[in-house]
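The values are calculated or read from the model by the stated rules, or taken from the named source; none is laboratory data. In this text, all values refer to a predicted model and were calculated from it rather than measured experimentally. Positions of Cβ are generated from backbone atoms using ideal geometry, with glycine treated the same way; all protein chains shown enter the neighbour counts. These accessible areas exclude ligands, DNA and RNA; they are computed on the full protein's heavy atoms, side chains included. Shrake-Rupley method; radii C 1.70, N 1.55, O 1.52, S 1.80 Å.
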Amino acid sequence: MDKLWVVIKREYLERVRSKWFIFTTIFGPVFFAAVTILPAYMTNRGMKNAQVSSIRILDATGTGLGHRVADRLSKRQDDQSPTPGPGGLGGGQVGSRIGAPASGTIASVVEDVNPPKLAMAESLATKDVMNKVDPGYLVLDSATLTKFTARYAGRNASAVGEIQLIETAIQQSLMASRLEGAGIKPERVDSLTKIRVDLASVRLDERGRGDSGIVSFIFGAIVAFMLYMMIMLYGQNVMRSVLEEKMTRVAEVIMASVKPDILLAGKILGVGAVGLTQQIVWVGSAAAFITYGAVMAKAMGMPQMQNMTFPTVPPLLLVSLVLFFILGYILYSAMFAAVGAMVGSQEEVAQAAQPVVLLLIASIIFFQPILLNPSGTLAVAMSIIPFTAPVIMPVRMTTIQVPPLELAASLIALAFTCLITIWAAARIYRIGLLMTGKKPNLKELTRWIKYA
Amino acid sequence: MTELALEIRGISKSYGEYQAVHSLSLAVPKGAVYGLLGPNGAGKTTTIRMIINIIAPDEGTITLMGRPNTDQSSLDRVGYLPEERGLYKKMQVRRVLRFLGQLKGLGAKEADRRIDEWMERFSLKTAEKDWGLAKIDELSRGMQQKVQFIGTLLHDPDIVILDEPFSGLDPINAQALKDTVVDLKKRGKTVIFSTHLMDNAERLCDSVCIIARGNKVLDGTVPGVKAEHGGNNVALALAGGGAELVNRVLSDHKMVERVDDSNRFFEISLQKDADPQALLHRLIEAGANIQRFELVQPSLHQIFLEKVGATGVEVGMTGHG
């Protein structure tokens, strides 16, 4: 057992000390954070730019609709305390709701225009936009009142968030003026029209599966991809390590001191521990990111991240995830180790590893249809087949309640296959390490397994 | 009876149709320097791998210091240097050595102490430069071989097994290796090494075993083996030419069994019943200008050729009749 420990220690420390490990461990989360934060940051920056100078509202309705719209645009959409007064230029307030893109503010200047002079005002505004004086202008005319249409022209006309904000503001303003027309007091109108916006965001929530539906869907995808990546990366790491020992002939020296089974076990456990270390660092930094990320996001002026929470993972799911990772990793790294021991050169190894890689890739190829229909026949079958189970079963478990019988069948099949694979791999490993020359064919391989 | 460091009883090993070792038995007394000789492909490496239990014999038993070699604790007393050498290229020298020492049950502190000792002895650690902090692949080939040798000896093994230790060594490293072997013997260690270089074996070994095609050809102490095959060997050196005349005499197979032209002299094995004096007489008759005519013991090289050549193994290999 002492020797197993010595082998594990070497495998672990040599990797953890390597530049490759330090780089991926640190830059993994940085990269992850970058792909999450950057798009949000860019969107947000885009919005802020729009606030630097105000959009122009050309109001030819003669009903003061423009001021209403400007007022709405200047306020947070879910702000329950309306600030009175038209043409407010307030800004800088931030919204907080995930999935409510129509939050935020846009400053605007209202220009009341006589309908006959609208065309001229419009061409002036166009010039100003082209000369970058204004980011854009909005035209409200009689058609807005009767046909509910309005025109917006601007350099940021393709920014979905802003167009939606403007749309909502017009919609609400129109409704407010109609309600007032129907005799409802202005103070009431504001609160009445606000309710609709809140309802909209509730509806969005209900489209998912309960409160954390979308989050858990994303979580499932992340888990699957992480499992796949980890098994692939670290399984191949074991393979390269075996091949290195074989090619540098160091294997023979080691085998004079420890049994090959212990060397193989130490290698798989040592490399696996490296994988776990990396995951702990990643999950840890993800947790920190989510805990402190809101503060960071706020500091950077991004509202979107504020309510992001780490999905609560039920203990059974967590235990299963770890179990499937460990078993899956052992299964694949044993196969990869056998491949590494079989071949005699770097050139051969990629080709020889292909069957093993394909087995693993199968789980990712079918990952999407399974995520969309996690209780279908394909999903059930692939979550029980031991070679795809380590990725597919956790995916199913994060999205639906997997029947205990299926879970048990999957685990038992996987554990059993693990045992057989380790047994065969150890035998191939023992003989392969000392063999030189050409790669064995299937018949020779069977003989190795039989007579080792 | 002297205590045996290694005893092999009737081991055989086949790979499919190919029989690498055929019921081989041998005994190595404690404290001996023992040579395992044979041409390439004779089964030396297979035998050594069976001794250190990295492959299992199909039949037969092997004991180290009186205990079966499947016993891990007896294997821990063995130091092994394989024929094809190699270490973890990207690993620091000191860490590699510590790892190898710990695999043999050495504590980390003790390993470090001994690493310093050995590194200084092999001048891998000097006042200016400590190669222990370098990575293996930053070392020259000769240095790597030294490191590997340190790795073999770090745990102070009682039995040291070296597979073709001299191959690929420059004269300086070969001398250092020879000195170390002699030193090990002085300290009561047993050294077993394989080689196909007879000169090394002759200079270093107390006892030898010659194997060919997986079979033992002969074994015994070096003086014993020589005495057994000695008596009818002649070293002949000629001053100037006259080789054609001499050649006729030497090619008489009634008298001469084999001639090995070593350039500066001929090493001649006579037939068992042939009289060296008669040969001298005929050479003088033939007009040879003799510079040296000496009855000698055969070299291991000669014995090797005679024995292995006689069994017809790899005639081309030996390069002689």
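Quick check: convex hull of the Cα atoms in the stretch B:71-187, volume per residue, rounded to a whole Å³?
Here the figure is 108 Å³ per residue.
Using a 1.4 angstrom probe with every protein chain in place, what is the largest-first accessible-area order of B:253, B:22?
B:253, B:22
Take the Cβ-Cβ distance between residue A:117 and residue A:143 as r, set R0 to 25 Å, and report the resulting FRET efficiency rounded to the nearest 0.05.
0.90
What does the extension gain come out to for residue A:185 and residue A:413, with contour length at 0.36 nm per residue minus their alpha carbon separation?
Length gained between residue A:185 and residue A:413: 75.1 nm.
With charges set only on the Cβ (+1 for Lys and Arg, -1 for Asp and Glu), what does the dipole of chain B come to about its Cα centre, in debye to the nearest 20?
Value, rounded to 20: 1000 debye.
Express in nm, to one decimal, how much length is gained between residue B:9 and residue B:294 on full extension, taking 0.36 nm for each residue of separation and deducting their alpha carbon distance.
Fully extending the segment from residue B:9 to residue B:294 adds 98.6 nm.
For the pair residue A:373/residue B:239, report the inter-label distance in nm, with labels modelled 7 Å from Cα in the Cβ direction.
The two pseudo-label positions are separated by 10.5 nm.
Taking each pair of distinct Cα atoms in the stretch B:4-221 once, what is the resulting Kirkwood hydrodynamic radius in Å?
17.8 Å
How long is the stretch B:1-125 along each principal axis, judged by its Cα atoms, biggest number first, in Å?
Computed over the stretch B:1-125, the largest-to-smallest principal extents equal 46, 37, 24 Å.
Between residue A:153 and residue A:109, what is the spin-label point distance in nm, taking each point 7 Å from the Cα along the Cα→C-beta axis?
1.8 nm
Given an 8 Å cut-off on Cα distances and at least 6 residues of separation, report the relative contact order of chain B as a percent.
Dividing the mean separation by the residue count of chain B yields 20 percent.
Evaluate E = 1/(1 + (r/R0)^6) for residue A:292 and residue A:21, where r is the Cβ-Cβ distance and R0 equals 22 Å; express this FRET efficiency to the nearest 0.05.
0.30
So if we plug the beta-carbon distance of residue A:436 and residue B:58 into 1/(1 + (r/R0)^6) with R0 = 22 Å, what FRET efficiency do we get, rounded to 0.05?
Given R0 = 22 Å and the Cβ-Cβ separation, E is 0.55.
Distances over 16 Å make up what percent of all Cα-Cα pairs in the stretch B:231-296?
35 percent
Using only the Cα atoms, what convex hull volume per residue in Å³ does the stretch A:310-380 have?
It comes to 130 Å³ per residue, whole-number rounded.
I want the antiparallel fraction of DSSP beta bridges within chain B, as a percent rounded to 5.
DSSP beta bridges in chain B are roughly 70 percent antiparallel.
Hey, rough spin-label estimate for residue B:73 and residue B:187, points 7 angstrom out along Cα→Cβ, what's it come to in nanometres?
Spacing of the two 7 Å Cα→Cβ label points: 2.3 nm.
Below 11 angstrom from the Cβ of residue A:252, what's the summed charge of the other residues (Lys, Arg +1; Asp, Glu -1)?
Result for the local shell: 0.
Going by a 1.4 Å probe on protein heavy atoms, which residues of the stretch B:17-56 end up with at least 30 Å² less accessible surface in the whole assembly than in their chain alone?
Buried-area filter returns B:49, B:54.
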